[in-house]
Amino acid sequence: MLKDLFMGLSQNQTLNSAAKKYGLKLGAQNVVAGTNIPETIESIKELNAHGISCTVDNLGEFVFNREEATAAKTQILGVIEAIHENGVDASISLKPSQLGLDIDQDFCEENLREIVSKASEYDIFVNFDMEDYGRLKPSFELLDHLSTTYKNVGTVIQAYFFEAEDYMKEHKDFRLRIVKGAYKESPAVAYQDKADIDENFVKLIEWHLLNGKFTSIATHDHHVINHVKKFVKDNNISYDKFEFQMLYGFRKDMQLELAKEGYNFTTYVPFGEDWYGYFMRRLAERPQNMNLIVKQVFNK
Ligand code: FDA
């Protein structure tokens, strides 16, 4: 019930626009690193000081005109310059829909090409985040096109999709982030039961750890993390073949602990004014995240 409510709210464009005007509210500041690049670089430096790498997401959704997509591209190019100038340990995560996928795929590809090319000059990795099912195929097409020229690209495999295994095997030579999947999807294309999703998630992680290039295991689920720790030990998989990833502000103690234990660890660092949809999806995943809001209200 709550999941559906927050998922519905995440897609409400009126609320999304209103949220942009009013700045980080509702406790979003606990899970969004800042509204601008300098604030975000400071957050990255703090995480780097604990041996944690970062992947930076310039928040943005519902981009249906070229001006907004071009502005998002310019902002991401600014992030790349700032990463380089500050010498911080960080990569880029982006959403094709923010760069114009819903407007025109060729236009989106040109925007992505500019970003990936600039990042490649500085040896910065660019991850294409995966969105909902309607954008899955075109996003993989964009990745496939760009990867013929650039090697600093990778993407996400969402374990709830029936097609996840096929996409993963076709892209095993990419650096892949494996996740459970965050959007509401139809039973025609995706597992609906948590147990089925979890089972497929572990299956895909194991396969990619044994056969793939580099695996990013992106989860806050300690059952899965503990399973992976044992699996890599039992299979002699070296620590430089994989990393754990979590979102900024979530399970902070565990993030520090994993880094301290010597695992490669990356925190996904979202920033920007367009925080609303991202924040609502986090509430949909785990309504207990509401306590972030409650804390915010009472800690004034
Ligand atoms: P899940 O939410 O299933 O929780 C499992 C269990 O873990 C819980 O029952 C609880 O015991 C424990 N737990 C979870 N969160 C906790 C917390 N905060 N505190 C205490 N215990 C907690 N999705 C997508 O569709 N496309 C994408 O590109 C990405 N990218 C991405 C990057 C990164 C770095 C992450 C971490 C996640 C994504 N996701 C994503 C989101 C992903 O698909 C998924 O929706 C969320 O990570 C939630 O699932 P989890 O695996 O974290 O555990």
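Residue count for the range 24-47 satisfying the condition of being at pLDDT 90 or above, surrounded by fewer than 18 Cβ atoms within 10 Å (Cβ to Cβ) and out of contact with any Phe, Trp or Tyr (no Cβ under 8 Å at 6 or more places or on another chain): 4. Scanning the range 137-168 for residues that are under 19 Å from I92 (Cα atoms) and among the aliphatic types (A, V, I, L, M) yields a count of 6. Within the range 155-165, none of the residues are in a loop (DSSP other than H, G, I, E, B), assigned by TED's automatic domain parsing to the domain that holds E68 and under 26 Å from Q75 (Cα atoms). Of all residues in the range 141-166, those being among the aromatic types (F, W, Y) and surrounded by fewer than 20 Cβ atoms within 10 Å (Cβ to Cβ) number 2.
Inspect all residues belonging to the range 262-274 and state whether any of them is within 30 Å of Q75 (Cβ to Cβ), in contact with a Cys (Cβ under 7 Å, 6 or more places away or on another chain), near the ligand (Cβ under 10 Å from one of its atoms) and among the polar types (S, T, N, Q). Looking through the range 262-274, at least one residue is within 30 Å of Q75 (Cβ to Cβ), in contact with a Cys (Cβ under 7 Å, 6 or more places away or on another chain), near the ligand (Cβ under 10 Å from one of its atoms) and among the polar types (S, T, N, Q).
Looking at this structure, is F250 surrounded by 14 or more Cβ atoms within 10 Å (Cβ to Cβ), away from the ligand (no atom under 15 Å from the Cβ) and either assigned by TED's automatic domain parsing to the domain that holds E46 or under 21 Å from N48 (Cβ atoms) (or both)? For F250, the condition - surrounded by 14 or more Cβ atoms within 10 Å (Cβ to Cβ), away from the ligand (no atom under 15 Å from the Cβ) and either assigned by TED's automatic domain parsing to the domain that holds E46 or under 21 Å from N48 (Cβ atoms) (or both) - is not met.
When each of E206, E257 is tested for being within 14 Å of the ligand (Cβ to nearest atom) and either over 21 Å from V32 (Cβ atoms) or hydrophobic (A, V, I, L, M, F, W, C) (or both), the lone residue that passes is E257.
Comparison of L99, L94 shows that the only residue that is closer than 25 Å to D240 by Cα and within 16 Å of the ligand (Cβ to nearest atom) is L94.
Only one entry of Y278, Y183 meets the criterion of being within 11 Å of the ligand (Cβ to nearest atom) and either out of contact with any strand residue (DSSP E or B) (no Cβ under 9 Å at 6 or more places or on another chain) or assigned to a loop (DSSP other than H, G, I, E, B) (or both), and that entry is Y183.
The values are calculated or read from the model by the stated rules, or taken from the named source; none is laboratory data. Computed from a predicted structure; not experimentally measured. Every residue, glycine among them, receives a Cβ derived from its backbone with ideal geometry; neighbour counts consider all protein chains shown.
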